[in-house]
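Right, one structure below, let's go through it.
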Amino acid sequence: MPDSPTTRTRGSLPNRVRLDDTDRLILQELMADARIPNNILAAKAGIAPSTCLGRVRALRDAGIIRGFHASVDLEALGLLVYALISVRVNSQARNKMLAIGQRLRSLPNVQSVFLLAGDQDFLMHVACGTPTELRDFIAVHLASDPAIANTQTNLVFDHLTPGD
């Protein structure tokens, strides 16, 4: 991957940080396992543990690493039905897109919300316990909202991620 003079952080101006191959390897390893011990990360990157710790700190300070998150098994929580819901906003509500997106993100069972370009305005990832719960979620939170023109729901059978 060629060096890029600009790395963009979401919701901000470009971040002028040059990443080298070692930084990219560190980021790749942290994305695969954010709990990797520093000494093992340093060994994989071929650098001293103190150097590795400094690079990770610099990546955090630059906003490239925004945080470390737990990956939760939704099925273990009883959330067995996953859906991707496309949402189209009414033309009268277009001036409130960010507020609508924030409201969608705050709804129960919503895993993530994407603001889109194209035919649809938002794509929501929702996890529910049953098909009935999904139906009720759509009826209560989406279909009854006057800002929402229409929705399209796609059930997710499987989520394939790198490394699966």
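A few comments on the model shown:
- Top-ranked residue of segment 66-84 - restricted to ones that are farther than 11 Å from residue 127 by Cα and of a type in the set (Gly, Ala, Ser), ranked as least open to solvent (accessible area, probe 1.4 Å): 67
- Looking at segment 42-153, the helices (runs of 4 or more DSSP H) lying wholly inside it that each contain 3 or more residues that are farther than 30 Å from residue 30 by Cα and either within 21 Å of the chain's Cα centre (by Cα) or of a type in the set (Gly, Ala, Ser) (or both) sit at 97-106.
- Looking only at residues of segment 16-35 that are open to solvent by 90 Å² or more (accessible area, probe 1.4 Å) and in a helix (DSSP H, G or I), we find that the one that is nearest to residue 128 (Cα to Cα) is 31.
- Selected residue (only one of 126, 87, 140, 110 is surrounded by 18 or more Cβ atoms within 10 Å (Cβ to Cβ), out of contact with any Ser or Thr (no Cβ under 6 Å at 6 or more places or on another chain) and of a type outside the set (Asp, Glu)): 126
- Within segment 36-53, none of the residues are at pLDDT below 95, of a type outside the set (Val, Ile, Thr) and either farther than 30 Å from residue 135 by Cβ or open to solvent by 80 Å² or more (accessible area, probe 1.4 Å) (or both).
The values are calculated or read from the model by the stated rules, or taken from the named source; none is laboratory data. As the structure is a prediction and not an experimental result, all values here were calculated from the model. Positions of Cβ are backbone-derived with ideal geometry, glycine not excepted, and every protein chain shown enters the neighbour counts. Heavy atoms of the whole protein, side chains included, go into the accessibility calculation; ligands, DNA and RNA do not. Shrake-Rupley method; radii C 1.70, N 1.55, O 1.52, S 1.80 Å.
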